[in-house]
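The values are calculated or read from the model by the stated rules, or taken from the named source; none is laboratory data. No experiment lies behind these values; they were computed from the predicted model shown. Here the Cβ positions follow ideal geometry from the backbone for every residue, glycine too, while neighbour counts run over all protein chains shown. SASA here: full protein model, heavy atoms, side chains in, ligands and nucleic acids out. Shrake-Rupley method; radii C 1.70, N 1.55, O 1.52, S 1.80 Å.
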Amino acid sequence: MKLIFKNIYPIYFLLLLLFSVSCSTDEGVYVPIDERIGALPEFVIDPVDNPTTSEKVELGRKLFWDPVLSGNFDVACATCHHPDKGWGDNLARSIGVGGSGLGEVRTGGAIVDRNANTIINSAFNGIDVNGNYDPSNTAMFWDNRVSSLEEQSLEPIKSMPEMRGNAYSEENAIAIVSQRLANIPEYVTMFNDAFGSPNAIDGDKISKAIAAYERTIIANNSRFDQYARGDVNALTSFEIRGLNSFLEMNCTACHGGPMFSDYELHDLGIEDDGINDNGVNGKFRTPTLRNLSVTGPYFHNGTFSTLEEAVNFYNNFEQNDEDAQRLNFDENEVDAIVAFLRTLNDENFDKTVPDGVPSGLSVGGDIN
Ligand code: HEC
Ligand code: HEC
């Protein structure tokens, strides 16, 4: 068994110690295992203009689960981001308006171009190898086209296949949805509690409440995190072998930092299967490798359904991306790598489904 600590310099520990001591307990302490990967912090950082409060979180929870945000009252955020489906939908590509059912059995309806990212830990998007990130300027979506949870949360409401359908135009979507909420007394009270009264319900407040709720959906105590924080017995020797292989093969050229993502765009040459989705000049964002056991199928179009297939994809893989060329893939290590990747699961995230939503519509949309 190889020891992964072999290339850590004592000075690094000293710096880490200084860092830990100087770090306020409010933000939690980021524990790097070496200069490439590490445990997630204990707490998320809020944007300066959207501090998390329990009132905002409760409002965000209702909004997230309420299909009143969709054109035909049939789709909620939770339709495609459901705790029973790893806070994604376990479909290769999401099914939005007009569909019914949850996850793999969802049918009918508009098909979205891409696989749904999980929202577990999306509050940590953009975190770098030193544990730094700015929650108001980070990476969202497979092409990084928006830059915060706040900004992201209004996009599905405006999107035709995801939530809007043909009920109203993209330009009017947020105003119409805000007006609907203003007509529901329970929402008026909740917005007043969250943002002070009197206030007008608008896209800015809707987005802040939803983002505050999403910042509570975190999973940062996987066995890998426990190992990185010092519990050397948290991983088996086979899993540690996988961890070493992962480092030696240079997967961290892209999957580094505590989220195992550089949040950059790369062209891996995943085949376009008929849908004309070229990302950004063929590039897609590196996804997190956390919680993969519950978030399949994999890659931006869900082309691989098992983790073994997803890892094996890197065999004989040589793309133009310079980080891709630094990869030293060893096919004999696939099982160990997959075993290691499974140590990045933490199933202890919030799975609460609200009893009801203020509109009185079906909780989570048409998913039954
Ligand atoms: C019809 C299914 C569907 C619905 C409804 C939906 N999403 Fe998504 N979500 C997706 C897909 C697909 C992606 C990836 C899209 C892309 O990259 O272009 C995504 C991406 C995201 C991301 C990005 C995570 C990351 O790591 O980049 C967040 C956050 C998110 N959705 C939150 C929401 C919220 C909040 C709502 C409700 C306002 C919502 N979603 C409604 C399917 C859906
Ligand atoms: C050049 C950067 C790069 C390197 C090196 C790299 N990956 Fe990736 N990885 C990505 C990108 C980008 C995607 C998504 C591509 C897409 O969907 O088009 C991805 C996707 C994945 C996925 C699917 C995750 C999901 O949720 O869809 C797994 C698993 C994975 N990589 C594991 C690995 C392993 C193991 C290694 C080392 C053998 C590795 N990667 C090396 C950039 C990289």
With all protein chains in place and a 1.4 Å probe, GLU308 shows an accessible area in Å² (nearest 10) of 70
From the cross-link list LYS158/LYS208; LYS158/LYS351; LYS62/LYS205; LYS208/LYS283; LYS85/LYS208; LYS62/LYS351, the entries with a Cα-Cα span beyond 22 Å are LYS158/LYS351; LYS208/LYS283; LYS85/LYS208
When the chain is treated as a Gaussian network with springs between alpha carbons less than 10 Å apart, the largest mean-square fluctuation among ALA310, ALA209, ALA92 is found at ALA310
Sorting GLN226, ALA324, GLY302 by the position of each Cα along the dipole of the chain (Lys, Arg +1; Asp, Glu -1; all at Cβ), the one nearest the positive end of that ordering is GLN226
Computed about the Cα centre, the charge dipole of the range 242-368 from +1 Lys/Arg and -1 Asp/Glu charges at the Cβ has a magnitude in debye, to the nearest 20, of 420
Computed for the chain: size of charge dipole around the Cα centre, +1 on C-beta of each Lys and Arg, -1 on C-beta of each Asp and Glu, debye to nearest 20, value 540
Heavy-atom accessible area with a 1.4 angstrom probe orders SER237, SER153, most exposed first, as SER237, SER153
If each part is reduced to its alpha-carbon centroid, the range 330-360 and the range 275-303 end up apart, in Å, by 16
With the charge dipole of the chain built from beta-carbon charges (+1 for Lys and Arg, -1 for Asp and Glu) about the Cα centre, the Cα from ALA92, GLY242, ASN121 projecting farthest to the positive end belongs to ASN121
Pseudo-spin-label distance GLU104 to LYS351, built 7 Å along Cα→Cβ, given in nm, is 1.6
Within the set ASN117, ASN320, ASN221, GNM on the chain using Cα springs under 10 Å gives the largest fluctuation to ASN320
To the nearest 20 debye, the range 54-214 has a Cα-centred charge dipole, built from +1 on Lys and Arg Cβ and -1 on Asp and Glu Cβ, of 260
So, with points 7 Å from each Cα along the Cβ direction, the ASN172-ALA200 label distance in nm works out to 1.8
Extend 7 Å from the Cα of ILE275 along its Cα-to-C-beta direction; within the range 124-163, residues with backbone N under 12 Å of that point are 142, 161-162
If the label point sits 7 Å along Cα→Cβ of VAL146, residues of the range 195-212 with amide N under 14 Å come out as 203-212
Relative contact order in percent for the range 92-226 (Cα pairs under 8 Å, 6+ apart) equals 22
For the chain, the accessible surface attributable to carbon and sulfur atoms (probe 1.4 angstrom, ligands and nucleic acids excluded) amounts in percent to 50
Taking Lys and Arg as +1 and Asp and Glu as -1, residues besides SER197 with C-beta under 13 Å from its C-beta add up to -1
Here the relative contact order (percent) of the chain, from C-alpha pairs under 8 Å and at least 6 apart, is 24
Note: ARG180 to GLU248 extended length (0.36 nm per residue) minus current alpha-carbon separation gives 19.0 nm
The rounded separation in angstrom of the Cα centers of the range 174-233 and the range 44-73 is 3
Note to self: with every protein chain in place and a 1.4 Å probe, the chain gives an accessible area per residue in Å² of 44
Most fluctuating of PRO47, PRO185, PRO32 in the GNM of the chain (C-alpha, under 10 Å) is PRO185
